[in-house]
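The values are calculated or read from the model by the stated rules, or taken from the named source; none is laboratory data. Quantities reported herein were computed from a predicted structural model and do not represent experimental measurements. Neighbour counts run over all protein chains shown; Cβ positions are idealised from the backbone, glycine included. Please note that ligands, DNA and RNA were not included when accessible areas were found on the heavy atoms of the full protein model with its side chains. Shrake-Rupley method; radii C 1.70, N 1.55, O 1.52, S 1.80 Å.
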Amino acid sequence: VNGVWSLWTEWSPCSVNCGRGVQKRSRTCTNPAPLNGGAFCEGMSVQKITCNALCPVDGVWEEWAEWTLCNVQCERQRWRECNVPPPRHRGKMCEGDAQTTENCTGGLCSQNGKLMHDVKPQSMESSIDVALYSGLAAGVIAMVVLIVAITLYRKSQSEYGVDVIDSSALAGGFQSFNFKTTRQGNPLLLNPIMQPDITVGQTYSSPICFHDSIDKELFDPLPEKVKVQSSFMVSLGVADRAEYHVKAHSERQPATLHPNMVTANGPHVLGIGHLKTSAVFGHLGGRLVIPNAGVSLLVPHGAIAEDTSSEMYMLINQEESSAQSEERCEVLLGPEITYGPPGLKLSYPVAMTIAHCAEVSTENWNIKLKRHTKDNKWEEMMSVDDESTSCYCLMDSHSCHLLLDEPGCYALVGEPVTDSAVKRLRIAVFGSMEASSTDFSLRVHCVDDTPHAFQGVVTAETSRGGQLLEEPKTLFFKGNCLNLQVSIQDIPQFLWSIKPFTTCQEFSFSQVWYSNQQPVHCAFTLQRHDDATTQLSCKISVRQVKGHEQILQVYTSLAENEKETVPFFMQADCTVTSQTGAKAFKIPLSIRQRICTTFDTANAKGKDWQLLAQKLHIQRNLSYFSKQQSPSAVILSLWEARHQDSGDLDSLASALEEIGKIHCKNLPQSPADKEPVFSF
C-alpha cells in the first residue's frame, strides 16, 4: 500500500507580533500510511511562507485646546483628543484625561457667583503681611545658626594643624596585588601554570585542534565482546565487534595565511587561509578530513564501482564568499566547501559534515543549503526544514550533516527571521611583547564559532609570536542591530598604563554579524612603568549592548613570553587527512551488510528501514531515503557522519537491541511460529 498525503492543515499564525515572521502548514503521510513496503509519499510535508504582522500603534494625545471663557461658576475648561495618531492594530489608548476644569479666579468667587477682582477685605491683606514677615525672620535665624556651626567646626579641626583631605588618593598607590600559585595547566596558554576556569561546554576537544573523524579516539580498538541478551543482536554480529588500528599519517598540509594585523588600538579584519586534502578511493570507500577545520567527507562503501578508483578532493574556498544575499540579510554560517572531481558518478551519496555557528531554532532562523552553479551563481538547493529528494540536510547543535549526490561547491547560509536569531562567537585573547621592551600588546579576537574560523586566528597569532592567555569562551550574539563592546578593566595602575580613551572599543553590529567567517579583533597596548615588572593581571569584558557578556581573566608572566613560543599543534592525530577502506568506518563491513539486508527488505510487521531511521532519531524527509538503492546503507552513512567524534558503537547497538525487543513482544506463541524474528 503506497502512502498518500493527508490534507494540509490551516496556516499557523504569524510567528511574530510585529514585523517579518513565518507561517507554516503541514501534512502527514497517513491517508493511508505506507504498508508492506509501499512507497513513501513524495513532496514536502511542511510549507513555510513569510508574513508581515502589523505592529501595534499606541495612541498619542493632541495638544490641549484653548481654555473656555470663565463661566458663572468661576470655572473654565479645555479638551484634547487621542488622534495623533489614534490607536491601531491592538495599540494602547492614551493615558490621562481628555477634559480638564480649573477655577479661573484663584478661588476668589462670591457665593452668588459674582466675580470679586477689585474688592479685597482688610483682614486678607493683614494675614498676607504677617505670613511674609514671619518667613523672613525664620530665614535670618537659620542663616545665623549655620554660620556659627561652620565657625565652631573649623576651629576644632585647626587643632590638628592640617587640612582634612580625601584619603583615597593615598590608598591608590598601595593596592593589593596577588597572583595565582603555581600549578600544571594548559600547554597552549602563555602561562601554563595558571589554568583558567572553563565556563562553557566545548564542541571540539580543544580550542586549537578539532578532532574530526580521524581523531585518535575514533580508531581506538573496540572491545572484543559486547554482552547483549537479544538474539537479534547476536544474529547481526554486533556482539562480536572487530578490532582495527590506524597508523596516523606523519604529513600535514599546512594552512597559509597572510594576516593584516595592525598594532594600533582599534578594530581590524584578518584573512583566512586555504586548506585542501585529497586521496584515492576505491569500492571500499573512506573518509577525508581537513584538520582543525570541523569539515569532513565520508565516501560510503559501494559508492565507487568495483575494480575502479577515483582521486577525490575536498577544499575550503579561499575567496571572499558570495553565497549570502545582502537583500535578505543572509549570513554565512560555516566555510564554503568544494568536493570533486566534477562529473564524478557515485552509486551512493557522500556524507559531508560542516561545522556552523548558529544557535539552531526554526522560529528564529531560515537555514538554507546553496550550491555554486556553472554560470557563477548560487542556487538554493533546500531549506533545512523542507522535504527534498535531491539532497538531505540534518542540523545538529554545532554541525550540519549533508547527503550529496553531485560534486560541487556548497555553502550553508542563514536568514534571520526574528531579532532573536543568535550567532555564536568565539572570544579569545592573545598577547606578545612589542619591539619596545616596555610595551605589551593584548589582542582580543571575536570570530564565528567554527573550528576553521578560529584556526585562522591561531595561524595569524602564531606567525607574530602571539600567546593564548585565557581559554576561549563563547558569546551569544543576537541579530538585533546592537553593537559589540570590548573593554579592559582592573589594570594595576601603579605598574602599567594604557593610552587614554582606548580602554573601551566598539565593533558595529554589521561588522560582527556579517563577518562571514572572517575574524575581527581589537588591540590594547599596555606600557609598564618599570622594566622589573614581570607580571600582568587584568580583565577583558566582551559584551553585546544590552545582551550577553563574557569576562576573560588574564594572569600572565612576561618571563614566560620571552621563552620559546609553545607550538599550537602538539597532537599527532590532528595531522591525519584521509583514511581508506574498512579502517575509516566505525561499523564493520560485515555488520553493515547484515543490517542493510535485514532492513531494506519489505516486511509486513514494519521491520524495515523506516523503523531503523526512527530508532536512530532520523524522522524527517524520509522520502529522500525511499529513492535510494539501499535506504539502510544511506541511513548508516548519516549515522557514521553524526558520530565520528564519539568513541564506540553503543548508540547503534542500543537502537538495534530496542528493535529486537519490540518484535520479540509480537512473536506468535504457537510452537510452529517460534523462530527468530530476524534471520540471515
Problem set entry | Close pairs from the range 6-18: first acidic (Asp, Glu), partner open to solvent by 40 Å² or more (accessible area, probe 1.4 Å), Cβ under 6 Å, at least 6 apart | none
Exercise. Name the residues in the range 2-27 that are open to solvent by 70 Å² or more (accessible area, probe 1.4 Å) and within 17 Å of Leu611 (Cα to Cα), would you?
Worked result: Asn2
Problem set entry | Count of residues meeting criterion [among the aliphatic types (A, V, I, L, M), within 35 Å of the chain's Cα centre (by Cα) and under 30 Å from Pro87 (Cβ atoms)] in the range 15-66 | 6
For this session: Go through the residues of the range 94-106 one by one and say whether even a single one is modelled with pLDDT under 55 and of a type in the set (A, V, I, L, M, F, W, C).
Result: no
Exercise. Of everything in the range 472-510 that's touching an Asp or Glu at 6+ places or on another chain (Cβ under 9 Å) and of a type in the set (A, V, I, L, M, F, W, C), which residue is nearest to His529 (Cα to Cα)?
Worked result: Leu495
Problem set entry | Count of residues meeting criterion [open to solvent by less than 10 Å² (accessible area, probe 1.4 Å) and closer than 20 Å to Thr503 by Cβ] in the range 433-468 | 7
Exercise. Identify, please: which residue in the range 85-106 is within 22 Å of Pro56 (Cα to Cα) and surrounded by 14 or more Cβ atoms within 10 Å (Cβ to Cβ) and is, among those, nearest to the chain's Cα centre (by Cα)?
Worked result: Gly91
Exercise. Picking from Val4, Val22, which residue would you name as being in contact with a Lys or Arg (Cβ under 6 Å, 6 or more places away or on another chain), within 30 Å of Phe625 (Cβ to Cβ) and of a type outside the set (D, E, K, R)?
Worked result: Val22
For this session: Taking Ala33 as the residue in question, decide whether it is within 30 Å of Thr601 (Cβ to Cβ) and at pLDDT below 90.
Result: yes
Problem set entry | Per-region count, the range 332-348, residues in contact with a helix residue (DSSP H, G or I) (Cβ under 9 Å, 6 or more places away or on another chain) and surrounded by fewer than 24 Cβ atoms within 10 Å (Cβ to Cβ) | 1
For this session: Scan the range 627-645 residue by residue and report those that are touching a helix residue (DSSP H, G or I) at 6+ places or on another chain (Cβ under 8 Å), touching a residue at least 60 places away in the same chain (Cβ under 8 Å) and open to solvent by 40 Å² or more (accessible area, probe 1.4 Å).
Result: Asp645
Problem set entry | Filter result (exposed (fewer than 15 other Cβ atoms within 10 Å of the Cβ) and either free of Cβ contacts under 8 Å to residues at least 24 places away in the same chain or touching a Phe, Trp or Tyr at 6+ places or on another chain (Cβ under 9 Å) (or both)) within the range 28-41 | Thr28, Thr30, Asn31
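Residue by residue, here is whether (1) modelled with pLDDT under 90; (2) over 18 Å from the mean Cα position of the chain (by Cα) holds:
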residue: His398; (1), (2): no, no
residue: Pro407; (1), (2): no, yes
residue: Tyr410; (1), (2): no, yes
residue: Val422; (1), (2): no, no
residue: Leu425; (1), (2): no, no
residue: Glu434; (1), (2): yes, yes
residue: Glu471; (1), (2): no, no
residue: Leu482; (1), (2): no, no
residue: Gln485; (1), (2): no, no
For this session: Go through the range 520-548 residue by residue and tally those that are in contact with a strand residue (DSSP E or B) (Cβ under 7 Å, 6 or more places away or on another chain), touching a residue at least 40 places away in the same chain (Cβ under 8 Å) and open to solvent by 30 Å² or more (accessible area, probe 1.4 Å).
Result: 7
Exercise. Taking Glu359, is it within 18 Å of the chain's Cα centre (by Cα) and open to solvent by 10 Å² or more (accessible area, probe 1.4 Å)?
Worked result: yes
Problem set entry | Members of the range 36-72 that are under 30 Å from Glu363 (Cα atoms) and not in a loop (DSSP other than H, G, I, E, B) | Val46, Gln47, Lys48, Ile49, Thr50, Cys51, Asn52, Ala53, Val57
Problem set entry | When residues of the range 549-559 are limited to those that are assigned to a strand (DSSP E or B) and of a type outside the set (Val, Ile, Thr), the one most open to solvent (accessible area, probe 1.4 Å) | Glu549
For this session: From Leu526, Leu495, grab the single residue that is in contact with a Phe, Trp or Tyr (Cβ under 6 Å, 6 or more places away or on another chain), at negative phi and not polar (S, T, N, Q).
Result: Leu526
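Of these, Lys563, Lys615, which one is closer than 30 Å to Glu42 by Cα, modelled with pLDDT under 90 and basic (Lys, Arg)?
On the way: Lys563 fails: closer than 30 Å to Glu42 by Cα.
Within the list Lys563, Lys615, the selection yields Lys615.
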Exercise. Of the residues Gln517, Gln505, Gln511, which is over 19 Å from Ser541 (Cβ atoms), in contact (Cβ under 8 Å) with a residue 40 or more places away in the chain and buried (at least 16 other Cβ atoms within 10 Å of the Cβ)?
Worked result: Gln517
